[in-house]
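In what follows, a single structure is set out as C-alpha cells and then discussed.
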Amino acid sequence: MIRLICGPKGTGKTKIILDEVSKSVETAKGDIVFITDTKKDFTRGIDFNVRVLYTDEFSVNNPVAFTGFVKGLMAGNSDIQYLFIDGLARIIGEDMKDVEAFVKSLEQLEREYSLSTVATISKLQEEFSDNYKRYAE
C-alpha cells in the first residue's frame with residue numbers, strides 16, 4: 001500500500017501522518033520507520049518502538065540519494081512493515097518527475113517486501129500524472 005497525503009503547506013498533513021504512525025504501532029507485526037528532513041518538536045512524541053530518521057543527518061537531499069537511502073534501509077532490515085515519510089518534496093525536491101520516479105521505486109519495494117508507505121507531500125492531487133493519482137489523497 002502506498003498513500004500520498006497531499007495538500008498545501010499548513011493543511012494538517014503532518015498531524016494525519018502522526019496519527020497513522022500511532023495506529024501502526026498498535027497493529028504492526030514488523031518494524032516501523034518514520035523519516036523526515038530535520039529534527040522537529042513533534043518527533044519527540046513518537047512511540048519509542050518507531051525508528052525515527054532525519055535525512056539532514058545523512059546528507060540526503062536529492063531524489064537519487066533518498067531512493068538509495070530507503071532501499072538501503074530495506075536491504076539492511078527486511079522486517080520493515082511500515083515506512084512513513086513526512087515532507088517528501090522537502091527531501092527530494094519539487095520536480096514531479098522525481099516524485100513519481102521515487103513512487104515507482106516504492107512500488108517495487110511494496111512488491112518485494114510487502115512494505116506499506118505513507119508520505120506527506122506539499123502538492124495537489126491534480127499535479128500527479130494519471131499513473132500516480134491513485135496514491136494521492
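Residue check: residue 79 meets all listed conditions (1) within 19 Å of residue 36 (Cβ to Cβ); (2) in contact with a strand residue (DSSP E or B) (Cβ under 6 Å, 6 or more places away or on another chain) but one, namely (1). When region 79-136 is limited to residues that are touching a Gly at 6+ places or on another chain (Cβ under 9 Å) and of a type in the set (D, E, K, R), the one that is nearest to residue 58 (Cα to Cα) turns out to be 79. Evaluating residue 1 against the criteria (1) surrounded by fewer than 16 Cβ atoms within 10 Å (Cβ to Cβ); (2) farther than 21 Å from residue 74 by Cβ; (3) hydrophobic (A, V, I, L, M, F, W, C) leaves one unmet condition, (2).
Of everything listed in (1) in contact with a helix residue (DSSP H, G or I) (Cβ under 9 Å, 6 or more places away or on another chain); (2) in a helix (DSSP H, G or I); (3) of a type in the set (Lys, Arg), the single unmet condition for residue 111 is (1). Go over the candidates 137, 127 one by one and state the one that is closer than 22 Å to residue 14 by Cα, loosely packed, with under 14 Cβ neighbours inside 10 Å and modelled with pLDDT under 95. Going through 137, 127 in turn, the sole match is 137. Of all residues in region 114-137, those satisfying the criterion of being among the small types (Gly, Ala, Ser) and in a strand (DSSP E or B) are 116, 119, 136.
Restricting region 12-32 to residues that are of a type in the set (D, E, K, R) and over 17 Å from residue 80 (Cα atoms) leaves a set whose member that is surrounded by the most Cβ atoms within 10 Å (Cβ to Cβ) is 13. Close contacts from region 32-56, counting a first residue that is free of Cβ contacts under 8 Å to residues at least 24 places away in the same chain and of a type in the set (Lys, Arg) and a second that is exposed (fewer than 15 other Cβ atoms within 10 Å of the Cβ) and assigned to a loop (DSSP other than H, G, I, E, B), with Cβ to Cβ under 9 Å and a gap of 6+ residues or different chains, come to 51/77.
The values are calculated or read from the model by the stated rules, or taken from the named source; none is laboratory data. What you see is a predicted model, and the numbers here were worked out from it, not measured in a lab. Cβ sites come from the backbone with ideal geometry, for glycine too, and all protein chains shown count toward neighbours.
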